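Scroll down for the structure; my scribbles are underneath it.
The values are calculated or read from the model by the stated rules, or taken from the named source; none is laboratory data. Since the model is a prediction, treat every value here as computed from it, not as a measurement. When we count neighbours, we look across all protein chains shown, and the Cβ atoms used for this are built from the backbone with ideal geometry, even at glycine.
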Amino acid sequence: MAAPRDGAVVILGSGLIGRSWAMLFASGGLQVKLYDVEPQQVTSALESMRKEMELLEQSGALKGSLGAQEQLSLISGCPDLQTAVEGAMHIQECVPENLELKQKTFALLDGIVDDTVVLSSSTSCLLPSKLFAGLTHVKQCIVAHPVNPPYYVPLVELVPHPETDPATVDRTYALMKKIGQSPVRILKEIDGFALNRLQYAVISEAWRLVDEGAVSPGDVDLVMSDGLGMRYAFMGPLETMHLNADGKVSSLWGSDGAQRSMDVKTAWVHFSILVHGKNPIGNSRTQTQAGRATSPGAERPGVGQNRADHPAWCGAAALSGRGGQHCLERHGRGSAELGA
Ligand SMILES: NC(=O)c1ccc[n+]([C@@H]2O[C@H](COP(=O)([O-])OP(=O)(O)OC[C@H]3O[C@@H](n4cnc5c(N)ncnc54)[C@H](O)[C@@H]3O)[C@@H](O)[C@H]2O)c1
């Protein structure tokens, strides 16, 4: 991949997600060009963005350091794709979630772009190896999956194709940070990426609770909106476990009424058996006794050992993006090294 250069960001598809991306890139002071097969979509996008950005400015919620009019002046429609991508530094594809359509779109781009631009897809679930298969510019391709609505929800999942140049990931990561988003690196392509895998696990258990007649649908929703969701709005599951009472990471109640505590790995095994019906670590034994996991090879603090002193726990803390300083001091490993 050739050296990056300054240039416009091109939004391909001016629907719900394309508009939100356009506002975000403009908030970072970047020039934005909108293209859509339906020219009317560009017209309506420009109009709806103007209204929304003016309202945001009035309410003090506009992102970025520029005023609404300055940001709006950075965004323009472009009726011709070839002209739009000329000199661009980043192309964010936002066409409907249809593999064939996206493959055709990237094949078209492949034939008209140079070696410097990043080709990024907003796909919610299509795998990079399917989207970018056979492209000449595959090293420049990446998935940057936003969460709806991207302007208000900062997470972006970055998913590379196996042949994606690491520089493409780094550039996209830096660009997302520049516009105030929270990029996460998905280290290898995996169905559902990360957000939807976590979401599916929650939905699956919600269905189970309702299906088994244990909790009403309304109360399941309350458990999330007025309980777990509030916690997870500012602290992830790994950090929650890290900060849990000493010596206990997760507790389950058995059918005999006895509470069982277990370490992360054992909790994960139990969860996998519950949800997927199989043990993810093969033949390992998984029962827990008095708070001790018996999976062979499980790297965990010994009984009585403070888990904050244990490298495995610090890894979890560092991966959660916090506790990195402690890890660095104790083990010479920090969150950056662990990919946080
Ligand atoms: N809506 C969400 O909640 C959400 C969240 C995250 C990611 N995404 C992903 O973002 C992408 C876009 O979703 P959306 O909700 O904005 O869809 P949308 O239907 O609102 O917009 C799609 C736009 O693409 C245009 N388009 C169709 N074919 C085109 C082509 N060949 N070239 C250029 N433009 C074309 C359409 O005219 C339309 O304006 C999808 O891949 C979707 O999975 C959506």
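The figures follow:
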read-out	value
Selection count where residues are touching an Asp or Glu at 6+ places or on another chain (Cβ under 9 Å), away from the ligand (no atom under 11 Å from the Cβ) and in a helix (DSSP H, G or I), scope the stretch 94-129	3
Flag for ALA68 being within 16 Å of the ligand (Cβ to nearest atom) and under 26 Å from SER44 (Cβ atoms)	no
Tally, over the stretch 114-137, of residues that are surrounded by fewer than 22 Cβ atoms within 10 Å (Cβ to Cβ) and within 19 Å of GLN82 (Cα to Cα)	6
Residues within the stretch 33-64 that are surrounded by 16 or more Cβ atoms within 10 Å (Cβ to Cβ), within 16 Å of the ligand (Cβ to nearest atom) and part of a helix (DSSP H, G or I), tallied	6
Filtered residue count, the stretch 11-32, keeping only those that are near the ligand (Cβ under 6 Å from one of its atoms) and either β-branched (Val, Ile, Thr) or in contact with a Ser or Thr (Cβ under 6 Å, 6 or more places away or on another chain) (or both)	1
Cross-chain or 6+ apart pairs with Cβ under 7 Å, the stretch 213-240 first and farther than 17 Å from ALA194 by Cβ, then outside any loop (DSSP other than H, G, I, E, B) and not hydrophobic (A, V, I, L, M, F, W, C)	ARG231/THR240
Single condition ALA61 does not satisfy, out of (1) more than 24 Å from ASP6 (Cα to Cα); (2) touching a residue at least 40 places away in the same chain (Cβ under 8 Å)	(2)
Enumeration of residues in the stretch 106-130 that are of a type in the set (Val, Ile, Thr) and either touching a Lys or Arg at 6+ places or on another chain (Cβ under 8 Å) or under 26 Å from PRO154 (Cα atoms) (or both)	THR116, VAL117, VAL118, THR123
Where a residue in the stretch 143-155 is at positive phi and its partner, wherever it lies, is more than 7 Å from the ligand (Cβ to nearest atom), with Cβ under 7 Å and at least six apart	none
Filtered residues of the stretch 143-189 (kept if within 14 Å of the ligand (Cβ to nearest atom) and assigned to a strand (DSSP E or B))	VAL143, ALA144, HIS145, PRO146, LEU155, VAL156, GLU157, LEU158, VAL159
Tabulated pairs, the stretch 85-98, first closer than 15 Å to ALA22 by Cβ, second in a loop (DSSP other than H, G, I, E, B) and within 15 Å of the ligand (Cβ to nearest atom), C-beta under 7 angstrom, 6+ apart or interchain	GLN92/SER122; GLU93/GLY13; GLU93/SER122; CYS94/GLY13; CYS94/GLY15; CYS94/SER122; VAL95/GLY13
Boolean, VAL156 is closer than 17 Å to ALA22 by Cβ and either touching a Ser or Thr at 6+ places or on another chain (Cβ under 7 Å) or crowded, with 22+ Cβ neighbours inside 10 Å (or both)	yes
Qualifying residue in the stretch 11-24 (condition: modelled with pLDDT of 95 or more, in contact with a His (Cβ under 9 Å, 6 or more places away or on another chain) and either of a type in the set (Asp, Glu) or not in a loop (DSSP other than H, G, I, E, B) (or both))	no
Selection count, the stretch 139-189, where residues are aliphatic (A, V, I, L, M) and over 21 Å from GLU97 (Cβ atoms)	6
